[in-house]
Structure formats: structure tokens, C-alpha cells
Amino acid sequence: MGHIFFKEFNSFLNSLIGYMVMGVFLIVMGLLMWVFKDTSVLDYGYADMSTLFSFGPYVLIFLVPAITMRSFAEERKLGTLELLMTKPLTELDIVLGKFLAAFMLVVVSLAPTLIYYFTLYQLGNPTGNIDTPGVAGSFIGMILLGGIFCSIGVLASSITPNQIVSFIIAAFFCYVFYTGVDSVASLISDGKISLRIKQFGILYHYESMSKGLIDSRDLIYFFSIGGLMLLSTKTVLSSRSW
């Protein structure tokens, strides 16, 4: 698994796509956080990072599939996946290696946004007047969200040799899992049923973590969905004859 991880991660750093993803994410979030008048934190009058954590997931919905679309699709197109499957590696080793490489690129892309927190910490009146637990919970939530998006993207890449199709499938299901379930729940008039449906969506658990309370139920949800997607990817690979 380690060999696959380093191979994939180095390929991201040695190609344009890795830097494009990091650059686009940081530029878009920087403009939203500090430049655009309707979302700039400088116009809020108080230290708040809700812009990053509200718009960030929607940016990731498109950027993460751009990272993962080549994971298996390119291997199948070039005919190197058959060669990879003959090596002394299990399907799970290959899936986890590719997933962790994509996930690490997402984490590296998010890391520079910590500068926003320290900047707002100093700009607060008094200094440090910022909801640190909420920011920490939101950062953890966004990292876990990136993990789920990566697992969905890897699964999408395993079922088609076409990278564009993989991107579209991954982006669609990332959106559905993130906000689609919540949209369906809003159509239900019964409050209890609506709440139950919301709990199946990522947005409910992501917003829960943004309050600064790291609930084990939220962690179990994120790890369960991510694990299910990775196991599904392994099943797809196992079901094919190479």
C-alpha cells in the first residue's frame, strides 16, 4: 500500500493537476474570504470563518473529482491496471493507496487556510476573539468531508475508463451526499421524519461538528460512509477478470 501511496502522491506533485487543484482552491477561498464584498470577512465586523466552511465544501465537490478521476480510469485506459494487479498487492492495498494519496493532497490544500484563522485571531477585538472550538471542529469536519469525497471519487474512477465520465459521476454523488439528502428532508412536513432523513446526509453531521462538539456519532458516520465507498471500490476491482 505504501508503494502505491507514494507513487500516486508523487505523480500528483510531478504533474500540473496537483498544483492546479491546490491553487484553484486557495485562490477561490481567498477571494471569497477577503475580497468579494458579499462574503468578505472584513465586512462582517467580527472574526468569523463561516465563509470558508460554508463555501469550501462546494469547491471541493468539483476539485476532489478532478483529483480522483484518473485514479483507475487512466490505469485502465493505458492498460497498466492489469500489470498492477499482477504484483504482490491485494485489491485493498491498491484502493487504500490511491485513496490516501488523493486524501493527502486535499489535506495539503486545506493546510494553508490555517493562516486565515491566525490572521482573524490577531484582528479580533480583543485579540483572540474568535470561536476557536467551532473553527477546530469545522476544520476536522472539512478534512473528513474531503475523505468521503475522495472515496466517492475513487469508486467512480473504478467503474469507468473514461475520466470525464468519472468526474461527472463523482461530482454528482458528492453533491447528493452532501446536500441532496438535506434537500429531500426539507420537503417532508413531519419534523421527526425530516430529521431522520437529514441524519443520513453529510451536511447534518458536518454542521454538527462546526459547533465545536466532536460527537462520536458524527465520526462514526464519516468513517462508515468512507469505508463503505472504499469496500465498494474493492468489490468492483475483485469482480473483474484481469
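The values are calculated or read from the model by the stated rules, or taken from the named source; none is laboratory data. What you are looking at is a predicted structure, and each value in this text was computed from that prediction instead of being measured. Positions of Cβ are backbone-derived with ideal geometry, glycine not excepted, and every protein chain shown enters the neighbour counts.
The residue of segment 86-104 that is surrounded by the fewest Cβ atoms within 10 Å (Cβ to Cβ), among those that are at pLDDT below 90 and of a type in the set (V, I, T), is T86. Exactly one residue out of F177, F149, F173 is under 27 Å from R70 (Cβ atoms), without any contact (Cβ under 8 Å) to a residue 24 or more places away in the chain and not hydroxyl-bearing (S, T, Y): that is F173. Just one of L195, L237, L213, L230 is touching a residue at least 60 places away in the same chain (Cβ under 8 Å) and surrounded by fewer than 15 Cβ atoms within 10 Å (Cβ to Cβ); which is it? Exactly one of L195, L237, L213, L230 is touching a residue at least 60 places away in the same chain (Cβ under 8 Å) and surrounded by fewer than 15 Cβ atoms within 10 Å (Cβ to Cβ), namely L213.
Considering G137, G124, G147, G153, which residue is farther than 23 Å from F72 by Cβ and crowded, with 22+ Cβ neighbours inside 10 Å?
Working: G124 fails: crowded, with 22+ Cβ neighbours inside 10 Å; G147 fails: farther than 23 Å from F72 by Cβ; G153 fails: farther than 23 Å from F72 by Cβ.
Answer to the selection: G137.
Restricting attention to segment 1-56, and to residues there that are aliphatic (A, V, I, L, M) and part of a loop (DSSP other than H, G, I, E, B), which single residue is surrounded by the most Cβ atoms within 10 Å (Cβ to Cβ)? Selected residue: M49. Taking the listed residues V181, V154, the one that is among the β-branched types (V, I, T) and within 15 Å of the chain's Cα centre (by Cα) is V154, with no other qualifying. Going by what's in this entry, would F12 be described as touching a Leu at 6+ places or on another chain (Cβ under 9 Å) and within 23 Å of D131 (Cβ to Cβ)? Judged against the criteria, F12 is not a match.
Yes/no matrix, rows are residues, columns are (1) touching a residue at least 40 places away in the same chain (Cβ under 8 Å); (2) not hydroxyl-bearing (S, T, Y):
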position: F25; (1), (2): yes, yes
position: G30; (1), (2): no, yes
position: F36; (1), (2): no, yes
position: Y44; (1), (2): no, no
position: M49; (1), (2): yes, yes
position: F53; (1), (2): yes, yes
position: V59; (1), (2): no, yes
position: M69; (1), (2): yes, yes
position: F72; (1), (2): yes, yes
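Condition (residue is more than 26 Å from S138 (Cα to Cα) and out of contact with any Asp or Glu (no Cβ under 7 Å at 6 or more places or on another chain)) applied to segment 196-219: is it met by at least one residue? Within segment 196-219, none of the residues are more than 26 Å from S138 (Cα to Cα) and out of contact with any Asp or Glu (no Cβ under 7 Å at 6 or more places or on another chain).
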